[in-house]
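Visitor: Supplied in structure tokens, the structure appears directly below.
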Amino acid sequence: MRWFFVVICGLFIGLSHASTAVIPAPAGQDSTVHKVLVVKSERRLSLISFGKTLKSYRISLGKQPEGAKRYEGDQRTPEGFYWLDWRKSSDKYNLSMHVSYPNARDLTRANKHGLRAGSMIMLHGTPLDEEYPEWFFHSLDWTEGCIALKNTDMQEIWSLVKDGTLIEIRP
């Protein structure tokens, strides 16, 4: 039984370090998104299928983009492994998908300092605002800790990524 666990862990690690080259799925092969990979330092979100990048998008992060989220209100985007566990349309941010933050490690870190970990970290579009065009939001880190994309990109992700998909957020 231990060997099975080792094999599964090895496969998981191999998939999490997948190549970032965009490779179209061969004709007839499943192009289901198995993982969403966010690399904060590159401001990049990639959709991964069978270890291959299907598509990548530019993202905006929290106003304090360096480091992992530590507590509610720190304006940082989390780092680690989570799930995209539910979705909703949003009057303010077009479409949104919920990131299962906080995980057990996040809760322990915040509780250790007597703070709340926070919640409601989302993958979402940009505001529909007459005063500020979409490109304004797309060119800077402006969220409270969420991951934001252009609305057309978010619509595409909404259609390709199912609830329950793994999301890894790297520094």
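The values are calculated or read from the model by the stated rules, or taken from the named source; none is laboratory data. Please read all numbers here as calculations on a predicted model, not as lab measurements. Cβ placement follows ideal geometry from the backbone for every residue including glycine, while neighbour counts extend to all protein chains displayed.
Visitor: Taking the residues in the stretch 142-167 that are touching a Gly at 6+ places or on another chain (Cβ under 8 Å) and surrounded by fewer than 18 Cβ atoms within 10 Å (Cβ to Cβ) as candidates, determine which candidate is nearest to Asp74 (Cα to Cα).
Guide: Among those residues, the one meeting the criterion is Glu144.
Visitor: Could you give me the residue pairs with C-beta distances under 6 Å whose first residue belongs to the stretch 54-67 and is touching a residue at least 24 places away in the same chain (Cβ under 8 Å), whose second residue is buried (at least 18 other Cβ atoms within 10 Å of the Cβ) and of a type in the set (Gly, Ala, Ser) wherever it lies, and which are 6+ apart or on separate chains?
Guide: Here the result reads Ser56/Ser46; Ser60/Ala148; Gly62/Gly145, each pair linking the stretch 54-67 to a residue that is buried (at least 18 other Cβ atoms within 10 Å of the Cβ) and of a type in the set (Gly, Ala, Ser).
Visitor: Under the condition of being under 18 Å from the mean Cα position of the chain (by Cα) and polar (S, T, N, Q), which residue from the stretch 107-138 is nearest to Ser60 (Cα to Cα)?
Guide: Per the criteria, the residue is Thr126.
Visitor: Next question. Pick from Gly125, Gly118: which is in contact with a Phe, Trp or Tyr (Cβ under 9 Å, 6 or more places away or on another chain), modelled with pLDDT under 95, closer than 17 Å to Glu156 by Cβ and not hydrophobic (A, V, I, L, M, F, W, C)?
Guide: Gly125
Visitor: Here is a further query. Please go through (1) surrounded by 20 or more Cβ atoms within 10 Å (Cβ to Cβ); (2) in contact with a strand residue (DSSP E or B) (Cβ under 6 Å, 6 or more places away or on another chain); (3) free of Cβ contacts under 8 Å to residues at least 60 places away in the same chain for Ser89 and return the number of the only condition it doesn't satisfy.
Guide: For Ser89, the failing item is (1).
Visitor: Just to be sure I understand, how many residues within the stretch 59-93 are acidic (Asp, Glu), at pLDDT 95 or above and closer than 17 Å to Val39 by Cβ?
Guide: Here the count works out to 1.
Visitor: Would you confirm, using the coordinates I've provided, whether Leu115 is in contact with a strand residue (DSSP E or B) (Cβ under 7 Å, 6 or more places away or on another chain) and touching a residue at least 40 places away in the same chain (Cβ under 8 Å)?
Guide: no
Visitor: Further, regarding this structure: Can you pull out the strands (runs of 3 or more DSSP E) entirely within the stretch 64-128 that have at least 3 residues that are hydrophobic (A, V, I, L, M, F, W, C)?
Guide: So the answer is 80-90, 94-99.
Visitor: Kindly list, by first and then second residue, each pair from a residue in the stretch 152-171 that is touching a residue at least 12 places away in the same chain (Cβ under 8 Å) to a residue that is small (Gly, Ala, Ser) and assigned to a helix (DSSP H, G or I), limited to pairs with Cβ atoms under 8 Å and residues at least 6 apart or on different chains.
Guide: Close Cβ pairs (under 8 Å, with a partner that is small (Gly, Ala, Ser) and assigned to a helix (DSSP H, G or I)) amount to Glu168/Ser16; Arg170/Ser41; Pro171/Ser41.
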